[in-house]
């Protein structure tokens with residue numbers, strides 16, 4: 001019963017390095033999301049993909065890029081990591097924005113530290 | 001832009017006591033409201049949504065449009081209710097993604 005799978009679970013980077021966070025879902029959901037969670041704050045939307053082939057900026061997109069590779073996979077890339085991007089990153093999926101009353105399903109999160 | 005406010009970072013109660021986790025929102029339209037919960041070492045998961053008008057694990061929440069609130073309540077807290085609770089909102093137009101509050105940690109003491 002995988003649901004939403006994120007890799008890696010932990011990562012330490014040096015400032016300026018690049019990396020891609022992977023996310024895959026096996027629920028045939030149309031929409032996928034990337035959030036970041038910082039201490040004392042709720043989850044904030046970075047990017048989302050309402051359907052395969054589309055992506056849109058969320059609340060805090062600067063410094064990130066995304067790729068909706070296919071219906072299952074939605075990756076988040078940090079091109080040049082900065083200490084301000086140290087956070088816990090969550091991927092989520094849902095049936096679709098037109099079904100906004102349907103729940104989002106979350107992965108376990110990726111804890112990313114940038115030195 | 002919409003905003004969700006959870007004024008309490010930590011709420012500590014004794015087992016059997018009533019619980020109320022506060023959530024206020026600012027949004028001019030007709031949003032959809034949710035409560036998500038994260039138990040220790042588990043994924044963030046949906047607890048309940050206002051549209052369903054259901055009670056989950058003894059919790060209920062009523063949307064009060066006049067006060068723009070969606071407080072989560074349970075008459076008798078259990079130790080297994082200890083967790084992080086997040087209130088979230090989806091607007092009825094525009095970007096239909098969740099906006100989260102900062103969360104309230106509920107500690108239920110024996």
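Just so it is clear, none of the values below were taken in a lab; they were calculated from the coordinates. Source: prediction; values computed, not measured. Glycine gets a Cβ as well: all are built from the backbone with ideal geometry, and neighbour counts include every protein chain shown.
Some observations on this one:
- Label-point gap, in nm, between residue B:107 and residue B:80 - each point 7 angstrom along Cα→Cβ: 2.2
- Computed FRET value (nearest 0.05) for residue A:51 with residue B:12, which takes r as the C-beta separation and R₀ as 41 Å: 0.40
- Chain B: most fluctuating residue of B:97, B:61, B:88 per GNM, C-alpha cutoff 10 Å: B:97
- Spacing of the two label points (7 Å from each Cα toward its C-beta) at residue A:73 and residue B:45, in nm: 2.8
- All-pairs alpha carbon distance profile, the stretch A:19-115, 10 Å steps from 0, percent: 17, 53, 26, 4, 0
- Length-normalised contact order for chain A - Cα pairs under 8 Å, 6+ apart - percent: 36
- Zone of residue A:82's modelled label, taken as backbone nitrogen in the stretch A:9-48 under 18 Å from a point 7 Å along Cα→Cβ: A:13-20, A:36-39, A:44-47
- Fluctuation leader among A:57, A:14, A:71 - chain A, Gaussian network, Cα springs under 10 angstrom: A:14
- Computed log10 I(q)/I(0) for chain B at 0.18 Å⁻¹: -0.84, from the Debye equation with unit scatterers placed on every C-alpha and solvent omitted.
- Point-to-point label distance, residue A:10-residue A:59, nm (Cα→Cβ direction, 7 Å offset): 2.8
- Rounded, prolate or oblate (a/c below 1.5 giving rounded, otherwise prolate when a/b exceeds b/c) for the protein assembly as shown by Cα gyration tensor: prolate
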